[in-house]
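Here's the structure, in structure tokens; my notes come after.
The values are calculated or read from the model by the stated rules, or taken from the named source; none is laboratory data. Source: prediction; values computed, not measured. Counting neighbours? That spans all protein chains shown, and the Cβs are built from the backbone with ideal geometry, glycine included.
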């Protein structure tokens, strides 16, 4: 694998975000790569794209602050950014291309839909369309079960 220069870590508030940020820091440390931690607010089509959604912005800022603290505990510095878009997946792909990242490191909750494991829509979209490598960290099934209890 070529040397890592830049990594993008999307976060959304799931516990697996912490693992993704920690992993990104440990991998990036080897080559002193830059890490971008991104939160995307999905804006409903009924609203203008630049609408100020105060509650979503406040939640996003808390999640990005948590990611910064996790990186700080790992003795690594990250750059955080808050985006607003119609679709999270396409925003992440565009951001990855714009920032010329080498890898997207994303966490994925263990979700079930109709009794089957389900990745949702964002992860498959990113896997299909990202211009770079994509590393997906799925949370442990035991974490998902404890969340349901």
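So the values come out like this:
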read-out: Filtered residue count, the stretch 19-49, keeping only those that are assigned to a helix (DSSP H, G or I) and more than 17 Å from residue 82 (Cα to Cα); value: 12
read-out: Residue in the stretch 101-112 that is surrounded by fewer than 16 Cβ atoms within 10 Å (Cβ to Cβ), modelled with pLDDT under 95, out of contact with any helix residue (DSSP H, G or I) (no Cβ under 7 Å at 6 or more places or on another chain) and in a loop (DSSP other than H, G, I, E, B) present; value: no
read-out: Qualifying residues in the stretch 1-18 (those that are outside any strand (DSSP E or B) and in contact with a helix residue (DSSP H, G or I) (Cβ under 6 Å, 6 or more places away or on another chain)) - the one surrounded by the fewest Cβ atoms within 10 Å (Cβ to Cβ); value: 3
read-out: Neighbours by Cβ (under 9 Å, 6+ apart or cross-chain): first from the stretch 119-142, at positive phi; second surrounded by 13 or more Cβ atoms within 10 Å (Cβ to Cβ) and assigned to a strand (DSSP E or B); value: 120/108; 120/111
read-out: Test: residue 92 is within 20 Å of residue 49 (Cβ to Cβ), in a helix (DSSP H, G or I) and in contact with a strand residue (DSSP E or B) (Cβ under 8 Å, 6 or more places away or on another chain); value: yes
read-out: Evaluation of residue 72 against (1) assigned to a helix (DSSP H, G or I); (2) within 16 Å of the chain's Cα centre (by Cα) (one fails), failing number; value: (2)
read-out: Identity of the residue in the stretch 125-144, modelled with pLDDT of 95 or more and assigned to a helix (DSSP H, G or I), that ends up surrounded by the most Cβ atoms within 10 Å (Cβ to Cβ); value: 126
